[in-house]
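In what follows, a structure is listed as structure tokens, so that the remarks can point back to it.
The values are calculated or read from the model by the stated rules, or taken from the named source; none is laboratory data. Small disclaimer: the values here were computed from a predicted structure and weren't measured. Using ideal geometry, Cβ is built from the backbone for each residue, glycine included, and neighbour counts are taken over all protein chains shown.
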Amino acid sequence: MLGKEISQAVIGRLPRYFRYLGELKDNGVERISSQELSELMQVTASQIRQDFNNFGGFGQQGYGYNVEYLYNEIGKILGLDTIHSFVIIGAGNLGTALGNYLNFERRGFVFRGIFDQNPALIGNLVRGIPVRSMEELPGFLRENEIEIAVLTIPKTGALGLVDTLVECGIKGIWNFAHVDLDVPEGVQVENVHLSDSLMKLSYNISSQNAGKE
Ligand code: NAI
């Protein structure tokens, strides 16, 4: 891959390209022009070309894009050509829902363990994996070389856990707790706030209604 820095805006659009290309590939489509991809995805063709130019292009004049090649290359850029193991911390509603979601495995994210501080939950199975106690967490992370921790616990718990996760070699935190986490260099945090998306929806409904008045 080219050594240049790619903007977060471009990175943020890659998963959507990856999803569409995956569907095209599954439907037996071998090649697609940027115009066709643009119509399908409702993104301008120039945006698509600009995005792909960050990675050296991918397209061939007069041919368009080879779907499978492009799908694989974007997958590599997103780091999806390797296996990422993850554990979930917090075996409540959200944690168990994520643990039960099978599609993460399709993308190479392997669910390895789930932990909770509530003794009543220890031993419960989530997709065949027993909920373990928090005391077992450090040893488990080290022994199994876990890369990602998914935090589905309240914010105070999340804040208190970061140092342990970092010490035990966690490289990425998928953070559902409503708090910003302070991590050292070399550790990545991706915050997920479902309500942000809902508020965006609310804004769009409100502004649409306002336009009708
Ligand atoms: P829940 O109450 O069903 O589950 C939370 C679980 O975390 C419980 O089993 C509890 O025993 C465990 N827990 C609490 N503190 C812990 C700690 N320090 N160490 C280990 N385990 C701990 O709650 P739910 O609905 O699963 O939500 C979990 C968290 O995620 C909540 O704080 C909620 O605010 C947040 N949330 C965030 C969303 C987002 O979009 N970012 C969406 C939904 C929930």
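For segment 69-100, filtered to residues that are more than 16 Å from the ligand (Cβ to nearest atom) and not in a helix (DSSP H, G or I), the residue that is farthest from G172 (Cα to Cα) is D81.
Got a number for residues in segment 140-161 being assigned to a loop (DSSP other than H, G, I, E, B), within 11 Å of the ligand (Cβ to nearest atom) and crowded, with 16+ Cβ neighbours inside 10 Å? Before you say what the answer is, go through the steps one by one.
Just the residues of segment 140-161 that are assigned to a loop (DSSP other than H, G, I, E, B), to begin with: 144-147, 152-154.
Still in the running and within 11 Å of the ligand (Cβ to nearest atom): 152-154.
Going one step further and asking which of them are crowded, with 16+ Cβ neighbours inside 10 Å, we end up with 152-153.
Result for segment 140-161: 2.
Out of curiosity, is L194 within 16 Å of the ligand (Cβ to nearest atom), under 26 Å from D81 (Cβ atoms) and within 17 Å of the chain's Cα centre (by Cα)? It is false that L194 is within 16 Å of the ligand (Cβ to nearest atom), under 26 Å from D81 (Cβ atoms) and within 17 Å of the chain's Cα centre (by Cα). The set of residues in segment 51-103 being within 26 Å of I32 (Cβ to Cβ), of a type in the set (G, A, S) and free of Cβ contacts under 8 Å to residues at least 12 places away in the same chain consists of G57, G62, G79.
Every residue, every condition in (1) more than 19 Å from D81 (Cα to Cα); (2) at pLDDT 90 or above; (3) not in a helix (DSSP H, G or I), yes or no:
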| residue | (1), (2), (3) |
| --- | --- |
| R13 | no, yes, no |
| F18 | no, yes, no |
| V29 | yes, yes, yes |
| E36 | yes, yes, no |
| G57 | yes, no, yes |
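E135: within 16 Å of the ligand (Cβ to nearest atom) and either in a helix (DSSP H, G or I) or farther than 19 Å from G95 by Cα (or both), yes or no?
Details: within 16 Å of the ligand (Cβ to nearest atom): yes; either in a helix (DSSP H, G or I) or farther than 19 Å from G95 by Cα (or both): yes.
For E135, the condition - within 16 Å of the ligand (Cβ to nearest atom) and either in a helix (DSSP H, G or I) or farther than 19 Å from G95 by Cα (or both) - is met.
With respect to the conditions (1) more than 13 Å from the ligand (Cβ to nearest atom); (2) part of a strand (DSSP E or B); (3) loosely packed, with under 14 Cβ neighbours inside 10 Å, R112 falls short on a single one, namely (3). Checking each residue in segment 162-191 for being within 14 Å of the ligand (Cβ to nearest atom) and buried (at least 17 other Cβ atoms within 10 Å of the Cβ) picks out V162, L165, I173, W174, N175, F176, A177, L181. For a quick check of your reading of the model, give me the residue pairs whose first member lies in segment 139-156 and is free of Cβ contacts under 8 Å to residues at least 60 places away in the same chain, whose second is buried (at least 22 other Cβ atoms within 10 Å of the Cβ) and in a loop (DSSP other than H, G, I, E, B), with beta-carbon atoms closer than 6 Å and at least 6 apart or on different chains. These pairs meet every condition: K155/A177.
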